1. Quick one: accessible surface of residue 301, probe radius 1.4 Å, all protein chains present, in square angstrom to the nearest 10.
2. What are the residues whose amide H is under 5 Å from the amide H of residue 441, where those residues sit 5 or more places off or on another chain and H is modelled from the backbone?
3. I'd like the FRET efficiency for residue 6 and residue 356, computed as 1/(1 + (r/R0)^6) with the beta carbon distance as r and R0 of 35 Å, rounded to 0.05.
4. Cα-Cα over 31 Å: which of 40/386; 140/170; 111/283; 283/508; 111/140; 123/298?
5. Would you check the accessible area of residue 159, probe 1.4 Å, heavy atoms only, in square angstrom rounded to 10?
6. At a probe radius of 1.4 Å, what is the per-residue accessible area of residue 128, in Å² to the nearest 10?
7. Enumerate the amide H contacts of residue 78 below 5 Å, restricted to partners 5 or more residues apart or on another chain; note that Pro and chain-start residues carry no placed amide H.
8. Where the centroid of each part is defined by its Cα atoms, how far is region 452-478 from region 295-343 in Å?
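The values are calculated or read from the model by the stated rules, or taken from the named source; none is laboratory data. A quick note: this is a predicted structure, and the numbers were derived from the prediction, not measured. Using ideal geometry, Cβ is built from the backbone for each residue, glycine included, and neighbour counts are taken over all protein chains shown. We work out accessible area using only protein heavy atoms, side chains counted, and drop any ligands, DNA or RNA first. Shrake-Rupley method; radii C 1.70, N 1.55, O 1.52, S 1.80 Å.
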Amino acid sequence: MKLLIDGIETTASPGQSLLEIVEGMGLMKGTLSSDPLVAKIAGRVFTLNYIPVREKDVKERESMRRAMAASGGVIRLLRYSDPVGRDAYKRTAQFVLFLALRRLWPTARAKMSCTVGSGVYFKVEAPDFSADRLEAEVNKIVAENIVLHRRRMPTIEAIRYFEGQGQDDKARLLGYRKKERIDLYESGEFADYYYGEMAPSTGFLRTWDIIPAPEGFIFIMPDVNNPDRVADYREMPNLFAVYTEGKRWGELMGCETVADLNELVKSGQVRELIRVNEALHEKRFSQIADMICERGAKAVMLAGPSSSGKTTSANRLATQLRVHGKKPILMSLDDYYLDRDQIPTEPDGSVDLEHINTIDTELFATHLGQLLVGEEVEIPVFNFKKGRREWVGHRLRLCEDTVIIVEGLHALNPVLLPEELDAGKVFKMYVSPLLPLNLDDHNRIASRYLRLLRRTVRDYETRGASVQQTLSMWDSVRRGEERWIFPFQENADVIFNSSTLYELAVLKRHIFPLLQAIGAEDDCYDQVRAIVKILNYVYEADVDDEIPPTSIVREFIGGNSFYRK
């Protein structure tokens, strides 16, 4: 059969795997930066162990495999530089790590907990756990180069297997699986599932490090820009503390996994979960307002990545500051956008709207400095329809009780602050939905996944954007965050976790019909499949009436009172 792999024509023999074909083409160089990890065929992601032409198809003269027929033999190889490739690499690392833990500490309970910068934190409950021993065992498994084949089995059989292994968290989750069969990756007596494709063998785990951490370890990923070296890692105690607090609240509310959430939805107790979650948010906003007033700050710089709930957070903080007798004024960094025709272009001629150079940082810093010393300033207003700033006589001067809340993606970037600033006058706040909910112990739900769900629902409900439009921009949004937002998050005076434990069940009701309308012919089909794989396990909750109008969740599903004129 003729194939076109990365634009190169080749022939596949019956029984040959994609890995064997790619090796025969000389495309495997032995480095993470150059070698493919998975492949995309007809909008779907496949392991390199996939066989395009099976022996039985030739012998029985059956039609070719569905994906190959749909693609016309066109295959694109995905490497670590591609987000899908990075996800496959992380799943491979999960398999190797949990296999190593099973070999060394068979009765230990290990949890994939959270992402901290370039590392992933794992919590291990074992009395004699040693990060050094784990690292040695991982090296051994990588050297064994175990082929990562999948075995299809009935879901009920998989549930019995995980119950027998003491993994009740995964067994309970699979109880909500609608499909009768499931594919598990296996090595000897160890089997697991990570909701997506992995590299073809453990030997592909070439770049990594393990460092000790409280009650576990941190697995450090490769550098995104140079995958052949381990990424630089810096401790992030503030972010880690917020994650830990979120996990603790999940434990207290009996909602640590999706299976826990489903049971709360089925029993109707999700309504109480909503009330407690919203009360926790309100209490935290009150505490942050206390901190601002105790410092005597005159400006709050509030930043966060896309769909973190910045606008609602700014408004709820303003309400709490009014309780202190303050007169908060909301400002948006969006009003300091450069006119669209003044924004520098990228080498390829495109415009990166996530870049700090889209903001007139010099003008903002000047205005902020003038305001903080009591001067009156005319503030611009950005007209998005015309793509330029306008001056409409919006003048501002701070009085004794005024506090400015400046909201925007780049609000923590130090270039926005004037020189010779009195640091006590500025309070820095970072907002992000650091979701503490796991699918099961071995599979966390990334914060970026929740933000993507939020953004997709919001863009459709309030901005008329299709799922395809939102997903087509997501990789660019993520690149901008990595470069311009995340590096400054640890410098915040406070980090606010804007996630709620209940919102996956609420968002599913809004987004699932939109996702089901996406076909295999759409470029975003593989992204949609990745979203659906997780949502398939989540029960929908028809409880919008319980969600207060000031909730951060309302910013995305509609009905937010702060948006009413």
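1. Residue 301 exposes around 0 Å² with every protein chain in place.
2. 170
3. 0.55
4. 40/386; 123/298
5. 30
6. Taking all protein chains as shown, residue 128 has close to 90 Å².
7. Correct list: 37, 38, 39, 40.
8. Result: 22 Å between the Cα centres.
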